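**Student:** Take a look at this one; I'll ask things after.
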Amino acid sequence: MTRILLFGAGGQLGREVTALAAERGIDLVGLGHEALDIADPVEVARAIEAVRPDALINAAAYTAVDKAETEPELAARINAFAPGLIAERCARYRTPLVHVSTDYVFDGTKTGAYVEADPIAPLGVYGRTKAAGEAAVRAASERHVIVRTSWVYGAHGNNFLKTMLRLAAERDLLKVVSDQRGCPTATRDLAEAVLAAADAAARGDARWGTYHFAGTGATTWHDFASAVVAAAAGHGRSPQVAPITTAEYPTPAKRPKNSELASDLFERTFGVRALPWEQRVSEVVEALLAGAQSAQAKATQAPVEVS
């Protein structure tokens, strides 16, 4: 049986990969940041030696896009130095590496969807450190698959969908940027993708290189938020979602205006395609709200000692 080692097991993608591997009966060993410093060469080598994986997935990353502008050294340590170190150790042990990257390596000025051969031009610290991480992986190990993705959301961790659900329960009006475009990617689909790439790599069937994998269909942040609110409408309040421009919502880090990724090459190579983003949004919202209602029902039934 193929054995996979996962770095970043405690993140939103890592938790989804772990759950999916358990469903599929895949032999996966996951390590989170509390168990492993991915920028420590001794710890990385020790983890690979202990597990002896057939493939390694690196889903660990510094993803605080705005905070990275004031923490460039930390972002570089996790996003640039660590991937290179991991790739070097993987090369030493002849272990294939699947490394997750981002649409933020592009500047967003292209009219259509970005393909793998398009030149990169990151706008901020986060994008630059992720681009540097890609370059470090390529330089250290030939046996790699880099998977760029975008607008990731799911049931775990912090993400845009969960933020919109929280705000929808608190406010009557949500103002959301409508002039940035991308492909919302559910962690379930992304987990399918990286596990497929890792399995192919472990079997020696992978075509090494850089790929794009994102949700099927493109939209704006405003329309993404509107879909979240519509999916949650049957469970409570339904606030108005109003469009605003990027200029009306300034942030420390510049965002690409266009983050749309073409995933055709990944589908042809690894046989995985994401479901339409609207479908996945409805599924995730339903699962989150059903879970919240179940937890609330259990809380109300809990015995209480009165003194």
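**Student:** Ignoring ligands, DNA and RNA, what percent of the accessible area of the stretch 110-253 is carbon or sulfur (1.4 Å)? Show your work: numbers first, answer last.
**Tutor:** On the way: 3060 of 5880 Å².
Roughly 52 percent, rounded to a whole number.
**Student:** What are the ³J(HN,Hα) values, in whole Hz, obtained from phi via the Karplus relation 6.51 cos²θ - 1.76 cosθ + 1.60 with θ = phi - 60°, for each residue of the stretch 86-101 in sequence order, with x given for Gly and Pro?
**Tutor:** Listing the rounded values in order: 4, 4, 5, 5, 4, 4, 4, 9, 6, 9, x, 10, 10, 10, 8, 10 Hz.
**Student:** May I ask you to order 53-61, 29-37, 72-80 by the average number of other C-beta atoms within 10 Å around their residues, highest value first? Present the calculation step by step, with values, prior to reporting the outcome.
**Tutor:** Working: 53-61: 25.6, 29-37: 15.8, 72-80: 19.3.
Those peptides, ordered most packed to least, come out 53-61, 72-80, 29-37.
**Student:** Could you pull out every residue, at least 5 positions away or on a different chain, whose amide H is within less than 5 Å of the one on Y62? Hs are placed 1.01 Å off N in the peptide plane, and Pro or chain starts have none.
**Tutor:** N79
**Student:** In addition: Which percent of the accessible area of the stretch 52-100 is formed by carbon and sulfur heavy atoms (probe 1.4 angstrom)?
**Tutor:** Working: 1030 of 2000 Å².
Here carbon and sulfur together make up 52 percent of the probe-accessible area.
**Student:** Something else now. Of the options L167, P239, L195, report the single residue whose Cα projects farthest towards the positive end of the charge dipole of the stretch 120-273 (beta-carbon charges: Lys, Arg +1; Asp, Glu -1).
**Tutor:** Value computed over the given set: L167.
**Student:** Report relative contact order for the chain in percent, whole number only (criteria: Cα-Cα under 8 Å, sequence separation at least 6).
**Tutor:** Relative contact order for the chain comes out at 20 percent.
**Student:** Hey, got the dipole for the stretch 144-283? About the Cα centre, +1 on K and R Cβ, -1 on D and E Cβ, debye to the nearest 20? Walk me through the numbers on the way to the answer.
**Tutor:** Numbers: 16 positive and 14 negative charges, 58 e Å.
My answer is approximately 280 debye.
**Student:** Among DSSP beta bridges whose residues both lie in the chain, state the antiparallel percentage, nearest 5. List each step's numbers first, then the result.
**Tutor:** Values: 2 of 34 bridges.
Roughly 5 percent of the beta bridges in the chain run antiparallel, per DSSP.
**Student:** Note the angle between two axes, namely the Cα long axis of helix 12-24 and the longest principal axis of the Cα atoms of the chain, as a number of degrees from 0 to 90, rounded to the nearest 10.
**Tutor:** 80 degrees
**Student:** Shifting gears a bit: Would you mind classifying the stretch 212-297 by shape? Square roots of the alpha carbon gyration tensor eigenvalues, ordered a ≥ b ≥ c; an a/c under 1.5 is rounded, otherwise it is prolate if a/b is larger than b/c and oblate if not. Before the final figure, lay out each step's value.
**Tutor:** Working: a/c = 2.48, a/b = 1.18, b/c = 2.10.
The shape class here is oblate.
**Student:** Separation of the stretch 47-97 and the stretch 165-181 by C-alpha centroid, Å?
**Tutor:** Spelled out, the Cα-based centre of one part sits 33 Å from the other.
**Student:** Then there is this: Under 5 Å between amide H atoms, partner at least 5 residues away or on a different chain: which partners does A242 have, H built in plane at 1.01 Å?
**Tutor:** Under 5 Å from the amide H of A242 lie the amide H atoms of L174, K175, V176, each far enough along the sequence or on another chain.
**Student:** Using +1 on the beta carbon of Lys and Arg, -1 on that of Asp and Glu, and nothing else charged, what's the dipole of the stretch 24-173 about the Cα centre, debye to 20?
**Tutor:** Working: 17 positive and 20 negative charges, 64 e Å.
Dipole size: approximately 300 debye.
**Student:** At a Förster radius of 35 Å, what calculated FRET efficiency corresponds to the Cβ-Cβ distance of E286 and A45, to the nearest 0.05?
**Tutor:** 0.20
**Student:** Please determine, in degrees from 0 to 90 and to the nearest 10, the orientation of helix 125-140 with respect to the longest principal axis defined by the Cα atoms of the chain, where the helix direction is its Cα long axis.
**Tutor:** The angle comes out at about 30 degrees.
**Student:** Roughly how big is the chain's charge dipole about its Cα centre, with Cβ charges of +1 (Lys, Arg) and -1 (Asp, Glu), in debye to the nearest 20? Show your work: numbers first, answer last.
**Tutor:** Values: 32 positive and 36 negative charges, 40 e Å.
About 200 debye.
**Student:** Could you tell me how many degrees, from 0 to 90 and to the nearest 10, lie between the Cα long axis of helix 221-232 and the main elongation axis, the longest principal axis, of the Cα atoms of the chain?
**Tutor:** Roughly 60 degrees, rounded to the nearest 10.
**Student:** Just the number please: accessible area per residue for the stretch 1-138, 1.4 Å probe, all protein chains included, in Å².
**Tutor:** Details: 5860 Å² over 138 residues.
Roughly 42 Å² per residue, with all protein chains present.
**Student:** For Y104, what accessible area in Å² do you get when you roll a 1.4 Å probe over the heavy atoms of the protein chains, rounding to the nearest 10?
**Tutor:** So the heavy atoms of Y104 present about 30 Å² to solvent.
**Student:** Let me ask something else about it. May I ask you to evaluate 6.51 cos²θ - 1.76 cosθ + 1.60, the Karplus curve with θ = phi - 60°, for each residue of the stretch 35-51 and list the ³J(HN,Hα) values in order in whole Hz, giving x for glycine and proline?
**Tutor:** Each residue's phi maps through the Karplus curve to give 9, 8, 8, 5, 9, 9, x, 5, 5, 5, 4, 5, 5, 5, 5, 5, 8 Hz.
**Student:** Please compute the length gained on full extension between A22 and T111, using 0.36 nm multiplied by the number of residues separating them and subtracting their Cα-Cα distance. Please list the in-between numbers first.
**Tutor:** Working: separation 89, 0.36 × 89 = 32.04 nm, distance 4.02 nm.
Taking A22 through T111 to full extension adds about 28.0 nm, to one decimal.
**Student:** Compute the Cα gyration tensor for the stretch 218-267, then decide on rounded, prolate or oblate, letting a ≥ b ≥ c be the square roots of its eigenvalues: rounded whenever a/c is under 1.5, prolate when a/b is larger than b/c in the other cases, and oblate in all that remain. Don't jump to the answer; show the numbers that get you there.
**Tutor:** Values: a/c = 3.25, a/b = 1.25, b/c = 2.61.
Because a/c hits 1.5 or more and a/b fails to exceed b/c, the stretch 218-267 counts as oblate.
**Student:** Find which of T220, A22, C90 sits farthest along the positive direction of the dipole of the chain, computed with +1 on the beta-carbon of Lys and Arg, -1 on that of Asp and Glu, about the Cα centre.
**Tutor:** Towards the positive end, the residue furthest out is C90.
**Student:** Tell me which residues come under 5 Å, amide H to amide H, from V145 once H is placed; ignore anything under 5 positions away on its chain.
**Tutor:** Answer set, sorted by chain and number: L97, V98, H99, G209.
The values are calculated or read from the model by the stated rules, or taken from the named source; none is laboratory data. Predicted model, so just to flag it, every value in this text is computed and none were measured. Cβ coordinates were reconstructed from backbone atoms using ideal geometry, including for glycine residues, and neighbour counts include every protein chain displayed. Calculation scope for accessible area: heavy atoms of the full protein, side chains included, ligands and nucleic acids excluded. Shrake-Rupley method; radii C 1.70, N 1.55, O 1.52, S 1.80 Å.
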